[in-house]
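Before any comments, here is the structure.
The values are calculated or read from the model by the stated rules, or taken from the named source; none is laboratory data. As the structure is a computational prediction, the values presented were derived from the model and not from experiment. Neighbour counts run over all protein chains shown; Cβ positions are idealised from the backbone, glycine included. Ligands, DNA and RNA are stripped out before the accessible areas are found, and what is left, the full protein with its side chains, is counted by its heavy atoms. Shrake-Rupley method; radii C 1.70, N 1.55, O 1.52, S 1.80 Å.
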Amino acid sequence: MAGPAMPNVPTRRNVKLLTDAIATLESGSSVSAMFLTKRYGAFTIEGTAFISASVKTLTIGGRSIEQNLKPHKSLQALTATPEADSPEPVDGESEPDATGAEAPAAESGESPAVQHGDLISARFVDPAYGQFTVTGVGVASTVSDVVLVGGWFVSQAGTTAPRLVDLEILAENGTHEYPLPPRIASWGDDSEGATEY
């Protein structure tokens, strides 16, 4: 049986359509944004878009959606989603879940072991970015024994990342249509470095 199909990544971005979609967003809008990068491949982040205090742009899950109201170069698709009851994140506060209660980090051993190339959906809670879900291919690093999805740590040396609250393996490596990014062999000065430490 075939695994999940790759979502339609446009062969050529419709910059006007993306720009128009960005113009309708406000901080606190619920969105689904698809990104495409060399390091992490195609991935989608679903959650609440917020104006970043540090870079002054709309971000979702710590990734910029726009720069000066123009689509970020990695943004491929953007759609508004039904409003979530996720509270506005505030730096320095405890990590809220959708009900406003403090969300515990996933405990080691509770989440399934992710291998390089597995198609996964990972839900994170971060004090700066609120709650969001990243769906994409797990990318392993040969440098620091970590597995990431869309730039967010899922595990390190087999231990679940502290901001990960839920993980689902949608399809194992080789059973889905998503392209497989290479293993990360060097962090260097890459602007696509890991989002969460």
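Every residue in the stretch 64-83 that is open to solvent by 20 Å² or more (accessible area, probe 1.4 Å) and not in a strand (DSSP E or B), please.
Residues satisfying the conditions are N68, L69, H72, K73, T81, P82, E83.
For V114, work out the one condition from (1) open to solvent by 30 Å² or more (accessible area, probe 1.4 Å); (2) modelled with pLDDT of 90 or more; (3) assigned to a loop (DSSP other than H, G, I, E, B) it doesn't fulfil.
That leaves (1) as the condition not met.
Mind listing whichever residues of the stretch 6-43 are surrounded by 20 or more Cβ atoms within 10 Å (Cβ to Cβ) and within 10 Å of A77 (Cα to Cα)?
Result: L18, A21, A33, M34, F35.
Filter the stretch 136-183 for residues that are basic (K, R) and under 12 Å from G41 (Cα atoms) and give the result.
Listed by number, the list holds a single entry, R183.
If I ask for residues that are over 15 Å from L78 (Cα atoms) and in a strand (DSSP E or B), which ones from the stretch 46-63 would you list?
I51
Give the residue that is modelled with the highest pLDDT, with candidates limited to residues of the stretch 4-45 that are in a loop (DSSP other than H, G, I, E, B) and aliphatic (A, V, I, L, M).
For the stretch 4-45, the residue satisfying everything is L25.
Please count how many residues of the stretch 138-157 are farther than 22 Å from S64 by Cα and out of contact with any Asp or Glu (no Cβ under 8 Å at 6 or more places or on another chain).
Residues flagged as farther than 22 Å from S64 by Cα and out of contact with any Asp or Glu (no Cβ under 8 Å at 6 or more places or on another chain) within the stretch 138-157 amount to 8.
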